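Any read-out appearing in this document is the output of simple, stated calculations on the displayed coordinates, not a laboratory observation. Nothing here was measured: the structure is a model prediction, and the numbers come from that model. Virtual Cβ from ideal backbone geometry, glycine too; neighbours counted across all protein chains shown.
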Amino acid sequence: MKKINVLIIAVIAVTAAFMTSCKNDPVDFAAPTVTFTEDDQTVNVNTAVSVSGIVYAEGELKHVIAKKKIVSSGTVTTLEELTKFDNDTIYNFKYDFTETDVTESFTVEVEVTDKNDKPAVSRYVTITVNVHDTAVDKTTSAIQLYTAPGDKTGKECFASLTPDFMNYTWTDAQGNESVIDMYYYNGRYTKSASNAPHFCSGNVSSTNPFNGDHLTGDNTTLFKILEGTELSNLGDWSSIDNDENISTIDMSNTSTNVGEISDGSGAFDIGSIIAFKLSDGKMGLIKVNSLVDGNSNGVYYDAYEDYITFDVIVQKEANTVVK
C-alpha cells in the first residue's frame, strides 16, 4: 500500500511539472510584416503622391516608425512614430505628399517591432521624381507627308518632330539629317493595297526606299502605338498642355518601324495615337488625322498623290531623373 501511495505521488509530481513546463513555454509568433499598397512609383516633379499600406504583428504591435529619406542627400525626416495602437496586431498607414513635398526622389521606410522580442522588420518604397520642364510644344497646323518613293523624286516624306515641325523631300533632307526624325512609307518593293502605313526612323533601311538608300546621320526615333490605360490616360488631345502623362509612357517595347506588320499587330489608322522617343530623349505623341488616296486608285503608296496628315505634341525638355 505504501508503494502505491508513493507511485501516485510521483505521477502527480510529474504531471504538475509537465503542466507547469507547458504553461511557461513562450509562443513562437511569426515576425511582423510591412506590406505596401503601391509599389515603387515614378512621378513628375511637383506632383502629389501617396504611399499607403498595412503593418501586421502576430505578437502584438510595440513600435512603428515611418521615415522619408531624400535619395541624393540622405536627409531623413520622421513621418510618424507610434507606441500605442487601437488594434493590437494591425495598423493601416497612409502618407500623403503634396506638390511642394515632391521636388526630388525619396524613399518611404516603415519599420515595425512587436512585443515578442522579434527583430524589427522594415520595408521601403522609392518615389522617383522626373525633374524637368513639363511644358510641351504642339503643331498649330498638321504635318503632311507623302509616301517615300523608290526613285528619290517624290514630294516631302521626311519630318522633324522637334519644335520646327518641318517636312523635307529626299533632296531637302541632304544636309539636314541632324533635325530629321522620321519618314513616311507606305509600301515595299512588292507593293500591294494590303501594306500597312509605316512611320520609320529616318535611318531604317529595311523598307528599301529611295532605290535602297537611306539617310545617315539623322536621328533614331522609337515608336509605339498606344492602347489601353496609356491611351485613356491622355484624355482629349486638345486639353494636353503638359507632359504629365507623356513622360511616364513605357517605351521599353518599341519599334523603329511602325506598320511593318500588316495583320493589324503593327498597323495604325486614322485616329491612332502613336508615342515616340527621339534620340535626345524627348518624348511625344502623334495623332493620325488622315490617310489620303490622292488619285483614288485604291492604294496608298503613290509617291506624288498619296499622303498622311498628323499632329504632334513633344516635350520641351527630356526627362531628367534625380536619383
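Observations
- Set of aspartates and glutamates near K67 by C-alpha distance (under 20 Å), chain-local residues within fewer than 8 positions excluded: E38, D39, D40, E80, E81, D96, E99, D101, E104, E109, E111, D114
- In sequence order, the stretch 121-132 has phi-based couplings of 10, 10, 9, 8, 10, 10, 9, 8, 10, 7, 10, 6 Hz under the Karplus curve 6.51 cos²θ - 1.76 cosθ + 1.60, θ = phi - 60°, and Gly or Pro positions carry x.
- Using the Cβ of D243 as centre and a radius below 15 Å, the other residues enclosed give a net charge of -4, where K and R count +1 and D and E count -1.
- 3J(HN,Hα) couplings calculated from phi for the stretch 50-66 with the Karplus curve 6.51 cos²θ - 1.76 cosθ + 1.60 (θ = phi - 60°) are, in sequence order, 10, 10, 9, x, 9, 10, 9, 9, 4, x, 6, 5, 10, 8, 10, 9, 10 Hz; Gly and Pro show x.
- Karplus-derived 3J(HN,Hα), 6.51/-1.76/1.60, for each residue of the stretch 85-92, Hz, glycine and proline x: 9, 6, 10, 5, 10, 10, 9, 8
- Built amide H within the under 5 Å cut-off of K62, gap 5+: T113, D114, K115
- Spatially near lysine pairs across the stretch 136-322, Cα under 26 Å, sequence gap of 8 or more or different chains: 21
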